[in-house]
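Structure first, commentary second.
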Amino acid sequence: MVEGRAYELADRMSGVPRNVDTARRLRRDMSLPEVLLWQELRLRPGGLKFRRQHAVGEYVLDFYCSAARLAIEIDGRSHDHADRPQRDISRDAWLATQGLRCIRIPAAAVLSDASGVASWLSAQAVSPFNRPSTIARAMVPLPEGGEDQGSQSCR
């Protein structure tokens, strides 16, 4: 990666200063599903490090695994009302433009089995089939006659 490009990417991915302050406040005021999931994720399932209330650009993610470029959002009932569904779609689209994959977990699932959710998330994080670059390559149509025919490459 070109040095200027690396700086540009780091600048976009770091949190806006006011959002860093918001993230600090949110770490102190986590919801019950977030607390329960954090108790599991802080144990580093699958050897992965997760961050809680992590500022990225103008957003604060509930959880983030930088090794997998995975954003995790715990969605309570409020995500189904008013303009929240559209805001969530816009947020997820922006995260995707930054090369992040966002997984949304219903709060009820965390409340019923936080350990199971954490295990599932770690499996998602390490699976090569769930990485954005792999998904993009998988969507490239193969030439007629199979993958060995034609000059297109998925790499």
Seminar exercise, completed: Given (1) among the hydrophobic types (A, V, I, L, M, F, W, C); (2) modelled with pLDDT of 75 or more; (3) part of a helix (DSSP H, G or I), Ala10 misses just (2)
Exercise. Among (1) in contact with a helix residue (DSSP H, G or I) (Cβ under 8 Å, 6 or more places away or on another chain); (2) under 21 Å from Trp120 (Cβ atoms), which single condition is Arg44 missing?
Worked result: (1)
Exercise. In this structure, is Gly76 within 19 Å of Asp29 (Cα to Cα) and more than 11 Å from the chain's Cα centre (by Cα)?
Worked result: yes
Exercise. Does region 45-68 hold any residues that are in a loop (DSSP other than H, G, I, E, B), of a type outside the set (A, V, I, L, M, F, W, C) and at pLDDT below 95, and which are they?
Worked result: Glu58, Ser66
Exercise. Ala118: part of a helix (DSSP H, G or I), touching a helix residue (DSSP H, G or I) at 6+ places or on another chain (Cβ under 7 Å) and small (Gly, Ala, Ser), yes or no?
Worked result: yes
Seminar exercise, completed: Sole miss for Ile105 among (1) assigned to a strand (DSSP E or B); (2) closer than 24 Å to Asp21 by Cα is condition (2)
Exercise. Given Ala71, Ala96, which one is surrounded by 13 or more Cβ atoms within 10 Å (Cβ to Cβ), part of a strand (DSSP E or B) and modelled with pLDDT of 90 or more?
Worked result: Ala71
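The values are calculated or read from the model by the stated rules, or taken from the named source; none is laboratory data. No experiment lies behind these values; they were computed from the predicted model shown. Quick reminder, even Gly has a Cβ in these numbers, built from the backbone with ideal geometry, and neighbours come from all protein chains shown.
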